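Everything below concerns the one structure shown next.
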Amino acid sequence: MNEHQRCEKCLEPTKYPVGFWDGPGDGGLMYGCGSQSCQLAIDRREAAAENQRHREQARAANKDAGIDTAEIKALYLQKGLTLNRVSQAVRIPTSKLSGLMNEREPFPLELYQRITDFLNTLPDKRKD
């Protein structure tokens, strides 16, 4: 039985629907709950805490390296570009660049330099 099915069968009184999942031949509601004892809820809270710790480490590593992702975003918007266009220009997947921009992992200094060099060669397109 998968996580969704286990949660669906749970009789926790604080359970509430948060979305819908679909799969081959089945589907159903996704639930959240206020349970402190439900193993699924415990696992989800632990995963969220781990993700937060990981992001804080990435943010600290970026800060130590002098990397400011907000600066990159402001720069590519000023140039009239999208994240997708920037990722194509520096030849990395958009999902990878998105993860770096959202500080899911530390930004490699060499890539940061490639992106800022590329953006600084372009004229401004946006008028404030």
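Observations on the model:
- All positions within region 90-110 that are out of contact with any Leu (no Cβ under 8 Å at 6 or more places or on another chain), more than 26 Å from Ala49 (Cβ to Cβ) and in contact (Cβ under 8 Å) with a residue 24 or more places away in the chain: Leu109
- Residue satisfying condition, being under 30 Å from Cys10 (Cβ atoms) and loosely packed, with under 12 Cβ neighbours inside 10 Å, within set Ala49, Ala70: Ala49
- Scanning region 52-66 for residues that are free of Cβ contacts under 8 Å to residues at least 40 places away in the same chain and either among the aliphatic types (A, V, I, L, M) or open to solvent by 70 Å² or more (accessible area, probe 1.4 Å) (or both) yields Gln52, Arg53, Glu56, Ala60, Lys63, Asp64.
- Single match in Glu3, Glu50 (criterion: more than 21 Å from the chain's Cα centre (by Cα) and over 27 Å from Gln113 (Cβ atoms)): Glu3
- Residue match in region 51-63 (condition: in contact with a Lys or Arg (Cβ under 8 Å, 6 or more places away or on another chain), small (Gly, Ala, Ser) and outside any loop (DSSP other than H, G, I, E, B)): yes
- Matching entry among Glu71, Glu110, Glu103 (being touching a Lys or Arg at 6+ places or on another chain (Cβ under 6 Å) and among the acidic types (Asp, Glu)): Glu103
- Residue match in region 37-44 (condition: over 21 Å from the mean Cα position of the chain (by Cα), surrounded by 11 or more Cβ atoms within 10 Å (Cβ to Cβ) and not in a helix (DSSP H, G or I)): yes
- From the list Gly66, Gly34, Gly19, Gly27, the lone residue that is among the small types (Gly, Ala, Ser), over 30 Å from Gln5 (Cα atoms) and not in a helix (DSSP H, G or I) is Gly66.
- Gly27, sole failed condition from (1) more than 20 Å from the chain's Cα centre (by Cα); (2) open to solvent by 90 Å² or more (accessible area, probe 1.4 Å): (2)
The values are calculated or read from the model by the stated rules, or taken from the named source; none is laboratory data. Since we're looking at a predicted model, the values are computed, not measured. Don't worry about glycine lacking a Cβ; one is built from the backbone with ideal geometry, like all the others, and counts go over all protein chains shown. Accessible surface is based on the protein model in full, side chains and every heavy atom, while ligands, DNA and RNA are left aside. Shrake-Rupley method; radii C 1.70, N 1.55, O 1.52, S 1.80 Å.
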